[in-house]
Amino acid sequence: MLDIENLGKSYGSLEVLKDINLRVHAGDVVAIIGPSGSGKSTLLKCINFLENYDQGAVRFDGQLVGYAERDGKRAPASERSVNQLRSQMGMVFQNFNLFPHMTILENVIEGPTQVLRVPRDEAVRHAETLLARVGLAEKRDVKPTRLSGGQQQRAAIARALAMKPRLMLFDEPTSALDPELVGEVLSAMRQLAQEGMTMVIVTHEMGFARDVANRVVFMEGGYIVEEGPPDQVFSSPSNARTREFLSRVL
Ligand code: ADP
Ligand code: MG
């Protein structure tokens, strides 16, 4: 589904992604771990083209993300084609990013009605199903500020799912939460994984990564330093940098 080849990205003279190679197949749950500043968020943003990239390629179902190729040269892709690709990827951020002036239901139907032109009653029905799935059926008519962080994040997950994405990207979805609220968000994500959703998750929740992911990627200094099944990466990491990182966080 996702094929990242020799991806490179700089901010000015700062090289933040270096020769990243990663493949994600349908149904994969890939956990990305690594220290702060290692390029994890930038990698997610390159996948859905919230950031452009300088080298290599990100392909989604074989289609180059963000650029159009003609005669071996690259030009920026049309806004329409970027939006079309992006609509197939849901993204959940650390800080929920719900629209504060809208109710939870309005947040969830905004994308489907405005972007996909789904009729409102159909969007509402789908939204109600999604809100029930994340345990928020009763909260449909309240504004985000009336919800706990854990509830807001579950609403953000429902909002992303409302676009019927084929791939879900999560950037530290539980990092801004009080400890007692982390579990409810992780369990919503676990359920999604069990339903077969393809997911790429940047997380510091090592237990969750170990249980739910089928692959773990360790990043440091803009590189993928190690990648493998969770048992292997957590129990017998082959790289000294991975061992050192895990000894600090486990
Ligand atoms: P992580 O998510 O692993 O903490 P990031 O992808 O956010 O890492 O950042 C990687 C590096 O890129 C860091 O050194 C960070 O300071 C830098 N960086 C991130 N975003 C920007 C930006 N918009 N402009 C300049 N530098 C950035
Ligand atoms: Mg980050």
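The values are calculated or read from the model by the stated rules, or taken from the named source; none is laboratory data. Just so it is clear, the model here is predicted, and its values are computed rather than measured. Here Cβ is always computed from backbone atoms with ideal geometry, including for glycine, and neighbour counts include all displayed protein chains.
Any residue that is closer than 20 Å to residue 173 by Cα, of a type in the set (Asp, Glu) and crowded, with 17+ Cβ neighbours inside 10 Å - is there at least one of those in the range 100-108? Before the answer, list the steps.
First, the residues of the range 100-108 that are closer than 20 Å to residue 173 by Cα: 100, 104, 107-108.
Among the residues that remain, those that are also of a type in the set (Asp, Glu) are: none.
The answer is no; no qualifying residue exists.
Residue 62 is checked against (1) out of contact with any Gly (no Cβ under 7 Å at 6 or more places or on another chain); (2) within 16 Å of ligand 1 (Cβ to nearest atom) and fails just one. What number does that condition carry?
Status for residue 62: all satisfied but (2).
When you look at residue 36, is it in a loop (DSSP other than H, G, I, E, B) and closer than 27 Å to residue 246 by Cβ, yes or no?
Numbers: in a loop (DSSP other than H, G, I, E, B): yes; closer than 27 Å to residue 246 by Cβ: yes.
Yes.
Which is at pLDDT 95 or above, part of a loop (DSSP other than H, G, I, E, B) and of a type in the set (Gly, Ala, Ser), of 56, 135, 90?
Criteria check complete, one pass: 135.
Can you tell me how many residues in the range 39-53 are assigned to a loop (DSSP other than H, G, I, E, B) and within 16 Å of ligand 2 (Cβ to nearest atom)?
Narrowing the range 39-53 to residues assigned to a loop (DSSP other than H, G, I, E, B): 39, 48-53.
Restricting the remaining residues to those that are within 16 Å of ligand 2 (Cβ to nearest atom) gives 39, 48, 50-51.
Residues in the range 39-53 being assigned to a loop (DSSP other than H, G, I, E, B) and within 16 Å of ligand 2 (Cβ to nearest atom): 4 in total.
Does the range 73-89 include one or more residues that are more than 18 Å from the chain's Cα centre (by Cα) and buried (at least 18 other Cβ atoms within 10 Å of the Cβ)? Can you show your working first?
Here is the first cut: in the range 73-89, the residues more than 18 Å from the chain's Cα centre (by Cα) are 73-81.
Keeping just the survivors that are buried (at least 18 other Cβ atoms within 10 Å of the Cβ) gives 77.
Checked against the condition, which is being more than 18 Å from the chain's Cα centre (by Cα) and buried (at least 18 other Cβ atoms within 10 Å of the Cβ), the range 73-89 yields at least one hit.
What single numbered condition from (1) on the phi > 0 side of the Ramachandran plot; (2) away from ligand 2 (no atom under 16 Å from the Cβ); (3) not basic (Lys, Arg) fails to hold for residue 157?
Answer for residue 157: the failing condition is (1).
Filter the range 6-65 down to residues that are of a type in the set (D, E, K, R) and within 29 Å of residue 194 (Cα to Cα) and give me whichever is surrounded by the most Cβ atoms within 10 Å (Cβ to Cβ). Don't jump to the end; show me each part of the working.
Of the range 6-65, the ones of a type in the set (D, E, K, R) are 9, 15, 18-19, 23, 28, 40, 45, 51, 54, 59, 61.
Keeping just the survivors that are within 29 Å of residue 194 (Cα to Cα) gives 23, 28, 40, 45, 59, 61.
Details: 23: 14, 28: 18, 40: 22, 45: 17, 59: 14, 61: 12.
Result: 40.
Of the residues that make up the range 11-21, is at least one closer than 20 Å to residue 189 by Cα, free of Cβ contacts under 8 Å to residues at least 60 places away in the same chain and not aromatic (Phe, Trp, Tyr)?
From the range 11-21, those closer than 20 Å to residue 189 by Cα are none; that's our starting set.
No: zero hits.
Could you list, ordered by first residue, the pairs with Cβ atoms under 9 Å in which the first is in the range 191-219 and within 18 Å of residue 134 (Cβ to Cβ) and of a type in the set (Phe, Trp, Tyr) and the second is away from ligand 2 (no atom under 16 Å from the Cβ) and modelled with pLDDT of 95 or more, at least 6 apart or interchain?
From residues that are within 18 Å of residue 134 (Cβ to Cβ) and of a type in the set (Phe, Trp, Tyr), the pairs are 208/182; 208/186; 208/189; 208/190.
Which residues, taken from the range 23-55, are more than 11 Å from ligand 1 (Cβ to nearest atom) and touching a Lys or Arg at 6+ places or on another chain (Cβ under 9 Å)? Before the answer, list the steps.
Applying the first criterion (more than 11 Å from ligand 1 (Cβ to nearest atom)) to the range 23-55 yields 23-31, 47-49, 52-55.
Listed by number, the residues that qualify are 24, 26, 28, 29, 30, 31, 48, 49, 52, 53, 54, 55.
Pairs please, first residue from the range 35-60 and within 23 Å of residue 73 (Cα to Cα) and among the charged types (D, E, K, R), second anywhere and part of a strand (DSSP E or B) and more than 8 Å from ligand 2 (Cβ to nearest atom), Cβ atoms under 8 Å, 6+ apart in sequence or on different chains.
Listed by first residue and then by second, the contacts come to 51/9; 54/8; 54/9; 54/10; 59/2; 59/3; 59/4; 59/5.
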